[in-house]
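One structure is given below, encoded as structure tokens.
Every number here is computed from the coordinates shown, using simple stated rules; none is lab data. These numbers come from a predicted model, not from an experiment. Neighbour counts are summed over all protein chains in view; Cβ atoms, including those assigned to glycine, are modelled from backbone coordinates with ideal geometry.
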């Protein structure tokens, strides 16, 4: 079948399309857009306040957790008595190193499975 | 310089769309005024209910207002609006399961055909089609879209679009036969 249409039906569709008066409809749409604008402002204001409140309440605990994590990750896994050797091996001799290795391995597995 | 609000009626649509994209409410109001009849008629053909059609058309324009800043080409405003209208209609159909209330032609009451207006008869005939068939027929006959365009716009496969239009056309031809031009009678 091609895109050809039945001319009689086509004429019927064309004749059925009337120009509808639009003042009331347009006014209704514009009134609703006003409501949308007010709602958007209210939502943004509320989201901003919620963000500030969250930052206020969570800043201390979050900072505490970050400090604990930093401490835990930089703790040497093996205590070396030689200070120089300890300094040289510090990047490998911390909890962060196996964690980083695990993350890299998981990333590689994820890529192999899903890409 | 920005045209005064009352001047929008004489401005080319691409300019009005440009202004609406920047958030000008007066320009958007002018666009609603210009396009409302087209969208409301399209929705009336789709759903066959003037009140529901106006409600859906209003949703189309509200979505347009919400998203007009994303419109890249002001010249394609009409096509963009049509796409929004179809999307609103499809969402409504899915939500309300348009297939459920569609009648078969055999079950439709056609006794009062031609007693009411032509548009009402057409809407009544269209309401006997299932949702997807009706949408394809309306887009083909009301919007004069090609099968490929309908396929692209609705996401339906081309074969399905073709068969929907063929079936819908056959049904409408049967139901609306009273409107067909009379064939000259055979002299014998």
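With R₀ set to 41 Å, the beta-carbon distance separating residue A:10 from residue A:115 gives a calculated FRET efficiency near 0.20. Against the main long axis of the alpha-carbon atoms of chain A, helix A:7-16 sits at an angle near 90°. Using the alpha-carbon positions of the stretch A:8-115, Rg (one decimal) and Dmax (whole number) come out as 31.9, 98 Å. Cα centroids of the stretch B:19-79 and the stretch A:1-56: 6 Å apart. With a cut-off of 19 Å on the backbone N, the residues of the stretch B:30-52 near the modelled label site 7 Å out from residue B:7 along Cα-Cβ are B:30-31. The angle separating the long axis of helix A:23-74 from the principal Cα axis of greatest extent in chain A is about 10 degrees.
For chain A, the longest principal axis of the C-alpha atoms and the axis of helix A:96-114 are separated by about 40°.
Dividing the summed -39500 (n - 2.57) terms of all DSSP H runs of n ≥ 4 by the residue count of the protein assembly as shown sets its mean residue ellipticity at 222 nm at -22500 deg cm²/dmol. Two numbers describe the Cα atoms of the protein assembly as shown: Rg and Dmax, which are 30.8, 121 Å. Entry note, chain A: relative contact order of 15 percent, from Cα contacts under 8 Å with a spacing of 6+ residues. Legend: ranking of residues A:45, B:42 from fewest to most surrounding C-beta atoms inside 10 Å; resulting order A:45, B:42.
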